[in-house]
Amino acid sequence: MKPLPASAQGVLFDLDGTLLDSAPDLHAALGIYCAEVGATVPPYAAVRTVVSRGSRAILRCAFDESDEALLERMPRYLELYHSMMSRHTRPFEGVEPLLDALERSGIAWGIVTNKPGYLTDDLVRQIGWAERVCAVISGDTLPVRKPDPAPVLLACERAGLDPARSLFVGDDRRDVQAGHAAGLYTVAVQWGYLDGGDPHAWGADAVIEHPRGLTELLKLKVPA
């Protein structure tokens, strides 16, 4: 395991399932789409599990079809989701105190997600984080996405972060793979969507149960 940076410069986070609980709006948009086309709405629990895999996996919960057929459905589904994506989406409990603690300690934080850029940028703005993040790298910023390390390295470059003094935090094995390959200390979280996996099996440098676990790991001061 990599040693924890003695003096951390920055922390990069996955977005959906790590910072934000976006599954309620993703499921609600799917419900509206299913109503439009006369399909049965899948259970929330089934959709929540696959959120980290993206909109095609979400649509597959309702439609047992080929990738090509799902791609044809995607524009309308994403249009519906875009129109309501911050209606019920909120930071997970403990995330805002964590971000506050990072900022008070002079540690920059950013986002590396596989979500399309137009959705990512709008959602970050609607949540109120646009002026706070040091970098935002989306799924279409580069020709490659996580688990490729390139998006993580680009976030470090744009934020002026040394990968060896930075952390990557996520709720999916691909986050750990990308962070490791980029040379960051990797942290897997247990509160996210997890894609049905066990974070302890991903080879992360640390696994935490709650956002306060990161404040404890970095020895950040949190107001009483």
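Kindly establish whether residue 133 is assigned to a helix (DSSP H, G or I) and modelled with pLDDT of 95 or more. So residue 133 does not fit the description; no. Can you give me the number of residues within region 112-127 that are part of a loop (DSSP other than H, G, I, E, B), open to solvent by 10 Å² or more (accessible area, probe 1.4 Å) and touching a residue at least 40 places away in the same chain (Cβ under 8 Å)? Qualifying residue count, region 112-127: 2.
If you check 148, 140 for being open to solvent by 60 Å² or more (accessible area, probe 1.4 Å), in a loop (DSSP other than H, G, I, E, B) and closer than 23 Å to residue 51 by Cα, only one passes: 140. Scanning region 110-160 for residues that are of a type in the set (S, T, N, Q) and touching a strand residue (DSSP E or B) at 6+ places or on another chain (Cβ under 8 Å), we see that the one that is farthest from residue 187 (Cα to Cα) is 120. When each of 174, 165, 158 is tested for being out of contact with any Gly (no Cβ under 6 Å at 6 or more places or on another chain) and open to solvent by less than 60 Å² (accessible area, probe 1.4 Å), the lone residue that passes is 174. Within region 204-216, the set of residues being part of a helix (DSSP H, G or I) and under 20 Å from the mean Cα position of the chain (by Cα) comprises 212, 213, 214, 215.
Annotation note: of 192, 197, the sole residue that is open to solvent by 20 Å² or more (accessible area, probe 1.4 Å) and in contact (Cβ under 8 Å) with a residue 12 or more places away in the chain is 197. Among the residues of region 1-55, the ones that are open to solvent by less than 40 Å² (accessible area, probe 1.4 Å), among the β-branched types (Val, Ile, Thr) and over 30 Å from residue 107 (Cα atoms) come to 2 in all.
If only residues of region 202-212 that are in contact (Cβ under 8 Å) with a residue 24 or more places away in the chain and out of contact with any strand residue (DSSP E or B) (no Cβ under 7 Å at 6 or more places or on another chain) are counted, the one that is least open to solvent (accessible area, probe 1.4 Å) is 211.
For region 93-111, a residue qualifies if it is of a type outside the set (Val, Ile, Thr), buried (at least 18 other Cβ atoms within 10 Å of the Cβ) and in contact with a Pro (Cβ under 7 Å, 6 or more places away or on another chain), and exactly one does: 98.
Residues in region 151-175 that are assigned to a helix (DSSP H, G or I) and more than 30 Å from residue 83 (Cβ to Cβ): 152, 153, 156, 157, 159, 163, 164, 165, 173.
The values are calculated or read from the model by the stated rules, or taken from the named source; none is laboratory data. All values reported here derive from a predicted model rather than from experimental measurement. With ideal geometry, Cβ positions are generated from the backbone for all residues, glycine too; neighbour counts draw on all protein chains shown. Quick note on the areas: whole protein, heavy atoms, side chains included, nothing else; ligands and nucleic acids left out. Shrake-Rupley method; radii C 1.70, N 1.55, O 1.52, S 1.80 Å.
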